[in-house]
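**Student:** My questions all concern the structure below.
The values are calculated or read from the model by the stated rules, or taken from the named source; none is laboratory data. On a predicted model such as this, the values are computed, not experimentally measured, just so you know. Positions of Cβ are backbone-derived with ideal geometry, glycine not excepted, and every protein chain shown enters the neighbour counts.
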């Protein structure tokens, strides 16, 4: 009998995340979902994350699978997950569950409507986030809107997103800034990846819906807001440059 192809692949990036594993994976597994799989994709962790997954989860939970990569940053981790997905939709959630996994029910409602890209949107108050981070987030939106548009999307950076797999696969093959695989040192959240991805989605005319989700700030060593903001600004400028020279093809 042929194996059933899952409708949704829930993808959880892992990088030195052992302290979040139990809460995250238990919460995901507790959801009453049908026709889904859970893909844990490790970005070259140096702590015990991979060993915990292999020992405590894979033998007990057949819906779980683990993909192992060399450390290349979050963008390349997500790209490899999209390439590997066989489901109709691929949904990403961060392992710290800043957005509770229960919010997946809202995503499923939009999936049933056939929406191409579904973005979890945090409210403007960003509960629990430091004041400086809120101010810098506003400045980021202004720069983003001025240089590459995306004015119709309020929140491009929430880690809770879902895509039709075939559409996402087309987009990642059209990337320019994040096209090449590379190694990185230390944490790299690659926020510019979301921008280039959504920039291309709007060029292709894909349907994009934002839905409000719960969100709370979770401080993590994998995020350095100042360093990551500088990196993202560089990515925005590169996206603008490549758009001007016609590097993005429809």
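**Student:** Tell me yes or no: at least one residue of the range 92-102 is modelled with pLDDT under 90 and outside any loop (DSSP other than H, G, I, E, B).
**Tutor:** Yes, that holds for at least one residue.
**Student:** Moving to a separate point now. Report, ordered by the first and then the second residue, all pairs with beta carbons closer than 6 Å, sequence separation of six or more or different chains, a first member in the range 10-35 that is surrounded by fewer than 19 Cβ atoms within 10 Å (Cβ to Cβ), and a second member that is at pLDDT 90 or above and in a helix (DSSP H, G or I).
**Tutor:** These pairs meet every condition: 18/49; 18/52.
**Student:** Further question: Considering only residues of the range 28-56 that are in a helix (DSSP H, G or I) and farther than 15 Å from residue 67 by Cα, which is modelled with the lowest pLDDT? First the steps, then the outcome.
**Tutor:** Of all residues in the range 28-56, those in a helix (DSSP H, G or I) come to 28-29, 49-56.
The next check asks that each one be farther than 15 Å from residue 67 by Cα; those that pass are 28-29, 56.
Values: 28: 84, 29: 78, 56: 90.
Checking each candidate, the answer is 29.
**Student:** Continuing with this model, one more query. Just wondering, is there one or more residues in the range 211-221 that are at pLDDT below 85 and touching a strand residue (DSSP E or B) at 6+ places or on another chain (Cβ under 9 Å)? Explain how you work it out, then say what you get.
**Tutor:** Residues of the range 211-221 that are at pLDDT below 85, as a first pass: 215-221.
So of that shortlist, the ones also touching a strand residue (DSSP E or B) at 6+ places or on another chain (Cβ under 9 Å) come out as 215.
Yes, because at least one residue in the range 211-221 is at pLDDT below 85 and touching a strand residue (DSSP E or B) at 6+ places or on another chain (Cβ under 9 Å).
**Student:** All but one of (1) in contact (Cβ under 8 Å) with a residue 60 or more places away in the chain; (2) buried (at least 16 other Cβ atoms within 10 Å of the Cβ) hold for residue 38, so report the exception by its number.
**Tutor:** (1)
**Student:** Could you check, for the range 172-179, whether at least one of its residues is farther than 30 Å from residue 38 by Cβ, in contact with a helix residue (DSSP H, G or I) (Cβ under 6 Å, 6 or more places away or on another chain) and modelled with pLDDT of 85 or more?
**Tutor:** Step one: filter the range 172-179 for residues farther than 30 Å from residue 38 by Cβ, giving 176.
Cutting the leftovers down to in contact with a helix residue (DSSP H, G or I) (Cβ under 6 Å, 6 or more places away or on another chain) gives us 176.
Now drop any that are not modelled with pLDDT of 85 or more, which leaves 176.
Within the range 172-179, one or more residues are farther than 30 Å from residue 38 by Cβ, in contact with a helix residue (DSSP H, G or I) (Cβ under 6 Å, 6 or more places away or on another chain) and modelled with pLDDT of 85 or more.
**Student:** Still on this model: Go through the range 109-142 residue by residue and tally those that are farther than 22 Å from residue 152 by Cα and either modelled with pLDDT of 80 or more or in contact with a strand residue (DSSP E or B) (Cβ under 7 Å, 6 or more places away or on another chain) (or both).
**Tutor:** Here the count works out to 1.
**Student:** Check off (1) modelled with pLDDT under 90; (2) within 30 Å of residue 66 (Cα to Cα); (3) in contact with a strand residue (DSSP E or B) (Cβ under 9 Å, 6 or more places away or on another chain) for residue 152 and give me the number that stays unchecked.
**Tutor:** Failing condition for residue 152: (2).
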